[in-house]
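Chemist: Here it is: the structure, laid out below.
The values are calculated or read from the model by the stated rules, or taken from the named source; none is laboratory data. Since the structure is predicted, the reported quantities are computational estimates derived from the model, not experimental observations. Methodologically, a virtual Cβ is constructed for each residue, glycine included, from the backbone with ideal geometry; neighbour enumeration extends over all protein chains shown.
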């Protein structure tokens, strides 16, 4: 018997947005912010509690400590600095999750840090070194510096696509602020979901800071279910 197709749905949570609890029943993996680019300890704890209650797998979502720009302004840092920054943030998240009986099970950088790790060897090196030091698998885009360096370092790497972001012909994301960067029309998002699922991506991201995130997650669930694609965590039960 052929195994059913499946895909993971993840969302960036713990950043202080008011709809985190509404998103949790619709996703299978939660990228929980570490408090540097957004959110605070109370928001993070509430997200962790909700994820534990619903059996959602928890990942770390560290970003640049630049709250004014929501961690979306690029920074020029060397690999050791990137590694230390990530490890420190994830250890802080683990310090909140551990007493609640939860484990942080993967790493997904946020915003500009994520994007730079896809195309900059130095940033990718820092991210991969952090994942290795923390013994965590890494989420990122295929055919990127992060993917290449993770493979060389023996770090498990899972490919991620974006339901609500535009892509360039080379597979990179259209930068925010440029035309076509954000998808808002339901038919376009549906087509993107089907394309990503057919291409074999492991997980699809739904941006948790999008005011339409819950509706987007509901759409994603409906489309994937209609197409016979199971929605499940890429890491299995917690």
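Chemist: For the stretch 131-141, check the following and say yes or no: at least one residue is in a loop (DSSP other than H, G, I, E, B) and closer than 25 Å to residue 210 by Cα.
Modeler: The answer is yes, given that some residue of the stretch 131-141 is in a loop (DSSP other than H, G, I, E, B) and closer than 25 Å to residue 210 by Cα.
Chemist: May I pose another question? Restricting to the stretch 150-172, name every residue that is assigned to a helix (DSSP H, G or I) and either closer than 30 Å to residue 211 by Cα or over 18 Å from the mean Cα position of the chain (by Cα) (or both). Working first, answer last.
Modeler: First pass over the stretch 150-172, keeping only residues assigned to a helix (DSSP H, G or I): 150-153.
Result: 151, 152, 153.
Chemist: A further question follows. Scanning for something out of contact with any helix residue (DSSP H, G or I) (no Cβ under 7 Å at 6 or more places or on another chain), over 29 Å from residue 54 (Cβ atoms) and either outside any helix (DSSP H, G or I) or at pLDDT below 95 (or both), does the stretch 202-212 turn up at least one residue?
Modeler: Within the stretch 202-212, the first condition is being out of contact with any helix residue (DSSP H, G or I) (no Cβ under 7 Å at 6 or more places or on another chain), and the residues that meet it are 202-203, 205, 209, 211-212.
Now drop any that are not over 29 Å from residue 54 (Cβ atoms), which leaves none.
No, that holds for no residue.
Chemist: Residues being more than 19 Å from residue 175 (Cα to Cα) and either outside any loop (DSSP other than H, G, I, E, B) or out of contact with any strand residue (DSSP E or B) (no Cβ under 8 Å at 6 or more places or on another chain) (or both): count how many of those fall in the stretch 73-110. Write out each step before concluding.
Modeler: Looking only at the stretch 73-110, we keep the residues that are more than 19 Å from residue 175 (Cα to Cα), and these are 77-107.
With the extra rule that they be either outside any loop (DSSP other than H, G, I, E, B) or out of contact with any strand residue (DSSP E or B) (no Cβ under 8 Å at 6 or more places or on another chain) (or both), the set shrinks to 77-101, 107.
The total comes to 26.
Chemist: From the list 110, 123, pick out the single residue that is at pLDDT 95 or above and closer than 24 Å to residue 219 by Cα.
Modeler: Criteria check complete, one pass: 110.
Chemist: Being over 30 Å from residue 227 (Cα atoms) and outside any helix (DSSP H, G or I): is that true of residue 113 here?
Modeler: Criteria not met by residue 113.
Chemist: With respect to the numbered conditions (1) in contact with a helix residue (DSSP H, G or I) (Cβ under 6 Å, 6 or more places away or on another chain); (2) farther than 18 Å from residue 204 by Cβ; (3) buried (at least 21 other Cβ atoms within 10 Å of the Cβ), which one is the sole condition not fulfilled by residue 21?
Modeler: (3) is the only condition that residue 21 fails.
Chemist: Something else now. Looking at the stretch 55-70, which of the residues that are closer than 23 Å to residue 160 by Cα and either free of Cβ contacts under 8 Å to residues at least 40 places away in the same chain or in contact with a strand residue (DSSP E or B) (Cβ under 9 Å, 6 or more places away or on another chain) (or both) is surrounded by the most Cβ atoms within 10 Å (Cβ to Cβ)? Spell out how you get there, then give the answer.
Modeler: Keep residues of the stretch 55-70 that are closer than 23 Å to residue 160 by Cα, which gives 55-64, 70.
Next cut, either free of Cβ contacts under 8 Å to residues at least 40 places away in the same chain or in contact with a strand residue (DSSP E or B) (Cβ under 9 Å, 6 or more places away or on another chain) (or both) only: 56-63.
Details: 56: 27, 57: 24, 58: 26, 59: 27, 60: 28, 61: 35, 62: 30, 63: 26.
That would be 61.
Chemist: Looking at (1) in contact with a strand residue (DSSP E or B) (Cβ under 8 Å, 6 or more places away or on another chain); (2) surrounded by fewer than 19 Cβ atoms within 10 Å (Cβ to Cβ); (3) at pLDDT below 95; (4) not in a loop (DSSP other than H, G, I, E, B), which is the only condition residue 221 fails?
Modeler: (3)
Chemist: Another question about this same structure. With respect to residue 51, determine if the residue is under 19 Å from residue 92 (Cα atoms), within 17 Å of the chain's Cα centre (by Cα), part of a loop (DSSP other than H, G, I, E, B) and modelled with pLDDT of 95 or more. Talk me through it step by step, then tell me what you get.
Modeler: Details: under 19 Å from residue 92 (Cα atoms): yes; within 17 Å of the chain's Cα centre (by Cα): yes; part of a loop (DSSP other than H, G, I, E, B): no; modelled with pLDDT of 95 or more: yes.
Taking the combined requirement at face value, the residue does not satisfy it.
Chemist: In addition: Inspect the stretch 73-83 for any residue being out of contact with any helix residue (DSSP H, G or I) (no Cβ under 9 Å at 6 or more places or on another chain), over 23 Å from residue 160 (Cα atoms) and surrounded by fewer than 18 Cβ atoms within 10 Å (Cβ to Cβ) and give the result as yes or no. Let's see the steps before the verdict.
Modeler: Taking the stretch 73-83 as the starting set, the residues that turn out to be out of contact with any helix residue (DSSP H, G or I) (no Cβ under 9 Å at 6 or more places or on another chain) are none.
No, the stretch 73-83 has no match at all.
Chemist: I would also like to ask the following. Does residue 147 satisfy the condition of being touching a strand residue (DSSP E or B) at 6+ places or on another chain (Cβ under 9 Å), modelled with pLDDT of 95 or more and part of a helix (DSSP H, G or I)? Walk me through it before giving the result.
Modeler: On the way: touching a strand residue (DSSP E or B) at 6+ places or on another chain (Cβ under 9 Å): yes; modelled with pLDDT of 95 or more: yes; part of a helix (DSSP H, G or I): yes.
So residue 147 fits the description; yes.
Chemist: Let me ask something additional. Residues that are surrounded by fewer than 15 Cβ atoms within 10 Å (Cβ to Cβ), touching a helix residue (DSSP H, G or I) at 6+ places or on another chain (Cβ under 7 Å) and farther than 20 Å from residue 74 by Cα: does the stretch 170-188 have at least one?
Modeler: The answer is yes; a qualifying residue exists.
Chemist: Residue pairs, Cβ under 7 Å, 6 or more apart or interchain, first in the stretch 157-182 and without any contact (Cβ under 8 Å) to a residue 24 or more places away in the chain and on the phi > 0 side of the Ramachandran plot, second surrounded by fewer than 18 Cβ atoms within 10 Å (Cβ to Cβ) and part of a loop (DSSP other than H, G, I, E, B). List them.
Modeler: Close Cβ pairs satisfying both conditions: 180/166; 180/174.
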